[in-house]
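Note sheet for the following structure.
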């Protein structure tokens with residue numbers, strides 16, 4: 001039986017217990033939420049541009065904001081997996097590999113759907129197909145490999161939150 005290097009985890013008993021990792025706040029505030037905000041705002045503009053009358057759809061149509069939420073859920077799958085694995089003590093070393101694997105699977109899946117069913121533009125499928133590779137690369141460099149500058153991250157978070165509230169306001173004003 002070959003001698004394999006075993007991973008040893010030593011706990012310091014004098015330190016206070018933490019449920020979350022120490023850098024979890026920075027991961028959420030300077031990596032995860034700004035990226036999701038950017039995706040949400042870009043999806044709103046992309047879907048509104050694709051539908052035609054940009055000003056009407058971007059500022060008065062609730063379906064654009066709902067479609068952008070579907071796009072946001074699609075792109076948040078590898079990001080959420082990365083955040084959970086990165087925060088784990090046992091699996092933090094494989095978080096980047098899993099992010100790459102899930103991203104590649106999603107790129108292949110959305111490409112196959114676009115090639116096999118070109119007439120199906122369900123929930124703005126063209127926006128998914130166009131945004132997939134650039135957003136996954138942007139997420140990789142500004143979330144997995146490093147973090148955004150503080151003021152840029154805060155500004156993106158505020159813009160995304162404002163777009164979310166504006167979409168809720170449109171939904172409330174124009175009904176279901």
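The values are calculated or read from the model by the stated rules, or taken from the named source; none is laboratory data. Keep in mind the model is a prediction, meaning the values are calculated, not measured. Note: ideal-geometry Cβ built from the backbone for every residue, glycine included; neighbour counts use all protein chains shown.
For the range 81-91, give me each residue that is over 15 Å from residue 22 (Cα atoms), free of Cβ contacts under 8 Å to residues at least 40 places away in the same chain and assigned to a helix (DSSP H, G or I). Once the filter is applied, which keeps residues that are over 15 Å from residue 22 (Cα atoms), free of Cβ contacts under 8 Å to residues at least 40 places away in the same chain and assigned to a helix (DSSP H, G or I), the range 81-91 yields only 81.
Only a single item in (1) closer than 28 Å to residue 22 by Cα; (2) not in a helix (DSSP H, G or I) is not met by residue 119, and it is number (1). Quick one: is residue 39 in contact with a helix residue (DSSP H, G or I) (Cβ under 8 Å, 6 or more places away or on another chain), loosely packed, with under 15 Cβ neighbours inside 10 Å and outside any loop (DSSP other than H, G, I, E, B)? The answer is no for residue 39. For the range 148-176, filtered to residues that are buried (at least 17 other Cβ atoms within 10 Å of the Cβ) and farther than 21 Å from residue 49 by Cβ, the residue that is modelled with the lowest pLDDT is 148.
Among the conditions (1) over 18 Å from residue 134 (Cβ atoms); (2) surrounded by fewer than 18 Cβ atoms within 10 Å (Cβ to Cβ); (3) at pLDDT 85 or above; (4) within 20 Å of the chain's Cα centre (by Cα), the only one that residue 55 does not satisfy is (4). Considering the range 107-141, the residues that are under 24 Å from residue 65 (Cβ atoms), in contact with a helix residue (DSSP H, G or I) (Cβ under 7 Å, 6 or more places away or on another chain) and modelled with pLDDT of 85 or more include one that is surrounded by the most Cβ atoms within 10 Å (Cβ to Cβ), namely 139. For residue 74, the conditions (1) surrounded by fewer than 14 Cβ atoms within 10 Å (Cβ to Cβ); (2) touching a helix residue (DSSP H, G or I) at 6+ places or on another chain (Cβ under 9 Å); (3) more than 13 Å from residue 144 (Cα to Cα) all hold with the exception of (1). Between residues in the range 50-78 that are on the phi < 0 side of the Ramachandran plot and free of Cβ contacts under 8 Å to residues at least 12 places away in the same chain and residues that are in a helix (DSSP H, G or I) and surrounded by 13 or more Cβ atoms within 10 Å (Cβ to Cβ), which pairs lie under 6 Å by C-beta distance while being six or more apart or on different chains? Filtered contacts from the range 50-78: 54/48; 57/48; 57/51; 57/64.
Go through 101, 95 for me and flag whichever is in a helix (DSSP H, G or I) and either closer than 13 Å to residue 36 by Cβ or without any contact (Cβ under 8 Å) to a residue 40 or more places away in the chain (or both). On inspection, the qualifying residue turns out to be 101.
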